[in-house]
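Undergrad: Structure incoming, see below.
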Amino acid sequence: MIEKRQFYIDGTWVEPIEPNDLTVINPATEQPVAVISLGTAADVDKAVAAAQAAFDTWSQTSVEERAALLERVIAIYERRSGEMDEAIRLEMGAPIDFAREQQTPAGTGHLQATLEALRNHRFERPSPRGGSLLRHEPIGVCGLITPWNWPINQIAAKVAPALAAGCTMVLKPSEIAPLSALLFAEMLDEAGCPAGVFNLVNGDGPGVGAAMSSHPGIDMMSFTGSTRAGISVTQNAAETVKRVALELGGKSANLVFADADLETALRFSLGSCFSNTGQSCDAPTRLLVEQSVYEDAVALAGTIAAETRVGDPARPGDHVGPVISDLQYEKIQGHIERGIADGARLVAGGPGKPDGFETGYFVKPTVFADVTNEMSIARNEIFGPVLVMIPFETEDEAIAMANDTPYGLAAYLQTGDPERAKRVSRKLRAGSVYVNGASPDWDVPFGGYKQSGNGREYGEFGLEDFLELKAITG
């Protein structure tokens, strides 16, 4: 059992003001792997006070000083990457090869992209007509709340630009997947991050998250998580009129036209949907297929889903692991049952656990066909390995159906016609559009339209989220 009850405040590991133990469960074994303590508003007050005290000095550091810190963090992160792989495997059940090849490298990617953005950013420039100086300055003390599904990805995507901007911060990682965050705090400490610049308080949303978002000493909240929780953060932050940046849920459409290479498109589509056991906010979970190739696509999807292996995260190989918790497992089962009840055709998977996995929160990779865009499984974010397939007749119908959602985080498009790719991608109401299996880069903006959030992360765009703009005239 790993004991990690302390918080990182003002450059040192400290005991919680009121101990409140929480057991961290390995979702593959359903067994305890660690114990942390949940913080309170009093712990938040202590962390905010440390961040406020450190801000005057850190905000005045040079670009070179901040870049040097990021360089040291990158070197330590790469040296200790094996520890990060293991932490992510234990806390969220990510298969060890997936953790090593996808989850952990995301941290390096964000740190390096932020370092590049910092070195290239113009913190001062003349106004367009001259006569004034435009100056970017750090916004202040930042509250960072990160999720469990891509833990170090979202931590690095917030901490790195906050550091680069000259902000100080308080981080609340997910309480059910806190090990990667605690390890990252060790790395920042080893890198010589000045006391009070980075602080970490474990806790849940009602106890620590709400205290952060409503705290008068916090100047900005950056939150990644569910739309429901994002609304709560925004409401709590309204009293102090602080900036709020949100990256929330999604129900991303994936348009497959008849002129695409069907097998390539389907293998990409199912692989992307089932990757990370479906626990990605931008996963392409609504597969819209042109009617003339729809039945062929359904048959292919059934075959590919049946080939998708579920496996023990501790074992090497290309397989999907469990979902994060018993609560998530039950929610996903409810969605699957609802899809069946609503008349969708079950092509693969279905209720219950895969054969041989009585222990652990494992879900069958599931495909539904003959779904309508009005069904619950097409409207709601399931956050598990569940794909819904919907036919369309025309390009305009596909675009309208793709945009008929409260979300707008990402969209996907598979076509053999470059002109159609340009035309359709411009009409899709989403923050990111991926054409023919393209992958995002760490310096491309990430964020959503509508109820998928506001603001943009990654690279220079993430850096700008943590900066205020001042005009000096005269």
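Undergrad: What do you reckon, is residue 49 surrounded by fewer than 20 Cβ atoms within 10 Å (Cβ to Cβ), among the hydrophobic types (A, V, I, L, M, F, W, C) and modelled with pLDDT of 95 or more?
TA: Values: surrounded by fewer than 20 Cβ atoms within 10 Å (Cβ to Cβ): yes; among the hydrophobic types (A, V, I, L, M, F, W, C): yes; modelled with pLDDT of 95 or more: yes.
Criteria met by residue 49.
Undergrad: List every residue pair whose Cβ atoms lie under 7 Å apart, where the two residues are 6 or more positions apart in sequence or sit on different chains, the first residue falls within the range 245-258 and is in contact (Cβ under 8 Å) with a residue 40 or more places away in the chain, and the second residue, located anywhere, is buried (at least 23 other Cβ atoms within 10 Å of the Cβ) and of a type in the set (Lys, Arg).
TA: 251/286; 252/286; 253/286; 254/286
Undergrad: Quick check on this structure: which one of 67, 42, 49 is within 25 Å of the chain's Cα centre (by Cα), among the hydrophobic types (A, V, I, L, M, F, W, C) and not assigned by TED's automatic domain parsing to the domain that holds residue 318?
TA: On the way: 42 fails: within 25 Å of the chain's Cα centre (by Cα); 49 fails: within 25 Å of the chain's Cα centre (by Cα).
Only one candidate passes the filter, namely 67.
Undergrad: Taking residue 341, is it within 21 Å of residue 150 (Cβ to Cβ), surrounded by fewer than 16 Cβ atoms within 10 Å (Cβ to Cβ) and outside the structural domain of residue 103 (by TED's automatic domain parsing)? Break it down stepwise before answering.
TA: Working: within 21 Å of residue 150 (Cβ to Cβ): no; surrounded by fewer than 16 Cβ atoms within 10 Å (Cβ to Cβ): yes; outside the structural domain of residue 103 (by TED's automatic domain parsing): yes.
Spelling it out, it is not the case that residue 341 is within 21 Å of residue 150 (Cβ to Cβ), surrounded by fewer than 16 Cβ atoms within 10 Å (Cβ to Cβ) and outside the structural domain of residue 103 (by TED's automatic domain parsing).
Undergrad: So which residues in the range 217-253 are more than 28 Å from residue 434 (Cβ to Cβ) and in a strand (DSSP E or B)?
TA: If the condition is that a residue be more than 28 Å from residue 434 (Cβ to Cβ) and in a strand (DSSP E or B), then 220, 221, 243 are the ones that fit.
Undergrad: Shifting gears a bit: When the residues of the range 407-429 are filtered to those that are in contact with a helix residue (DSSP H, G or I) (Cβ under 8 Å, 6 or more places away or on another chain) and assigned to a loop (DSSP other than H, G, I, E, B), which remaining residue is farthest from residue 252 (Cα to Cα)?
TA: Of everything passing the filter in the range 407-429, 415 is farthest from residue 252 (Cα to Cα).
Undergrad: Considering only residues that are among the hydrophobic types (A, V, I, L, M, F, W, C) and touching a strand residue (DSSP E or B) at 6+ places or on another chain (Cβ under 9 Å), which ones fall in the range 192-210? First the steps, then the outcome.
TA: Restricting attention to the range 192-210, the residues satisfying the condition of being among the hydrophobic types (A, V, I, L, M, F, W, C) are 193, 195, 197-198, 200-201, 208, 210.
Answer for the range 192-210, where residues must be among the hydrophobic types (A, V, I, L, M, F, W, C) and touching a strand residue (DSSP E or B) at 6+ places or on another chain (Cβ under 9 Å): 195, 197, 198, 200, 201, 208.
Undergrad: Among the candidates 252, 292, 275, which residue alone is of a type in the set (Ser, Thr, Tyr), surrounded by fewer than 21 Cβ atoms within 10 Å (Cβ to Cβ) and within 22 Å of the chain's Cα centre (by Cα)?
TA: On the way: 252 fails: surrounded by fewer than 21 Cβ atoms within 10 Å (Cβ to Cβ); 292 fails: within 22 Å of the chain's Cα centre (by Cα).
Result of the check over 252, 292, 275: 275.
Undergrad: Which of (1) touching a residue at least 40 places away in the same chain (Cβ under 8 Å); (2) surrounded by fewer than 24 Cβ atoms within 10 Å (Cβ to Cβ); (3) out of contact with any Phe, Trp or Tyr (no Cβ under 7 Å at 6 or more places or on another chain) does residue 184 not meet, given it meets every other one?
TA: (2)
Undergrad: Still on this structure: Kindly check whether there is at least one residue in the range 119-127 that is of a type in the set (Lys, Arg), touching a helix residue (DSSP H, G or I) at 6+ places or on another chain (Cβ under 8 Å) and modelled with pLDDT of 95 or more.
TA: Taking the range 119-127 as the starting set, the residues that turn out to be of a type in the set (Lys, Arg) are 119, 122, 125.
Filter again for touching a helix residue (DSSP H, G or I) at 6+ places or on another chain (Cβ under 8 Å), leaving 119.
Then drop every residue that is not modelled with pLDDT of 95 or more, which leaves 119.
Yes, that holds for at least one residue.
Undergrad: What number goes with the only condition from (1) of a type in the set (A, V, I, L, M, F, W, C); (2) outside any loop (DSSP other than H, G, I, E, B); (3) without any contact (Cβ under 8 Å) to a residue 40 or more places away in the chain; (4) more than 30 Å from residue 361 (Cβ to Cβ) that residue 50 does not pass?
TA: (3)
Undergrad: Scanning for something buried (at least 22 other Cβ atoms within 10 Å of the Cβ), out of contact with any Ser or Thr (no Cβ under 7 Å at 6 or more places or on another chain) and not aliphatic (A, V, I, L, M), does the range 117-128 turn up at least one residue?
TA: Within the range 117-128 (the criterion being buried (at least 22 other Cβ atoms within 10 Å of the Cβ), out of contact with any Ser or Thr (no Cβ under 7 Å at 6 or more places or on another chain) and not aliphatic (A, V, I, L, M)), the answer is no, since none of the residues qualifies.
Undergrad: Here's a follow-up. Residue 431 fails exactly one of the following numbered conditions: (1) among the small types (Gly, Ala, Ser); (2) surrounded by fewer than 20 Cβ atoms within 10 Å (Cβ to Cβ); (3) at pLDDT 95 or above. What is the number of that condition?
TA: Checking residue 431 against (1) among the small types (Gly, Ala, Ser); (2) surrounded by fewer than 20 Cβ atoms within 10 Å (Cβ to Cβ); (3) at pLDDT 95 or above, the one that fails is (2).
Undergrad: OK, next. Inside the range 270-382, counting only helices (runs of 4 or more DSSP H) that do not spill past its ends, which hold 2 or more residues that are without any contact (Cβ under 8 Å) to a residue 40 or more places away in the chain?
TA: On the way: elements: 294-307, 326-341, 376-379.
The qualifying helices (runs of 4 or more DSSP H) are 294-307, 326-341.
Undergrad: Would you mind finding the one in 421, 402, 411 that is closer than 20 Å to residue 266 by Cα, assigned by TED's automatic domain parsing to the domain that holds residue 305, surrounded by fewer than 24 Cβ atoms within 10 Å (Cβ to Cβ) and in contact with a strand residue (DSSP E or B) (Cβ under 8 Å, 6 or more places away or on another chain)?
TA: Values: 402 fails: surrounded by fewer than 24 Cβ atoms within 10 Å (Cβ to Cβ); 411 fails: surrounded by fewer than 24 Cβ atoms within 10 Å (Cβ to Cβ).
Answer to the selection: 421.
Undergrad: Quick check, is residue 394 surrounded by fewer than 16 Cβ atoms within 10 Å (Cβ to Cβ) and on the phi < 0 side of the Ramachandran plot? Walk me through how you get there before you give the answer.
TA: Working: surrounded by fewer than 16 Cβ atoms within 10 Å (Cβ to Cβ): yes; on the phi < 0 side of the Ramachandran plot: yes.
Against the criterion (surrounded by fewer than 16 Cβ atoms within 10 Å (Cβ to Cβ) and on the phi < 0 side of the Ramachandran plot), residue 394 qualifies.
Undergrad: Something else now. Would you pick out the residues in the range 136-192 that are among the β-branched types (Val, Ile, Thr) and out of contact with any Asp or Glu (no Cβ under 8 Å at 6 or more places or on another chain)?
TA: The initial filter retains those residues of the range 136-192 that are among the β-branched types (Val, Ile, Thr), namely 139, 141, 145-146, 152, 155, 159, 168, 170, 176.
Listed by number, the residues that qualify are 145, 146, 152, 155, 159, 168, 170.
Undergrad: Determine, yes or no, whether residue 347 is of a type outside the set (Ser, Thr, Tyr), at pLDDT 95 or above and over 30 Å from residue 454 (Cβ atoms).
TA: Working: of a type outside the set (Ser, Thr, Tyr): yes; at pLDDT 95 or above: yes; over 30 Å from residue 454 (Cβ atoms): yes.
Criteria met by residue 347.
The values are calculated or read from the model by the stated rules, or taken from the named source; none is laboratory data. Please read these numbers as outputs of a predicted model, since none were measured by experiment. A quick note on method: Cβ atoms are made from the backbone with ideal geometry, for glycine too, and the neighbour counts reach across all protein chains shown.
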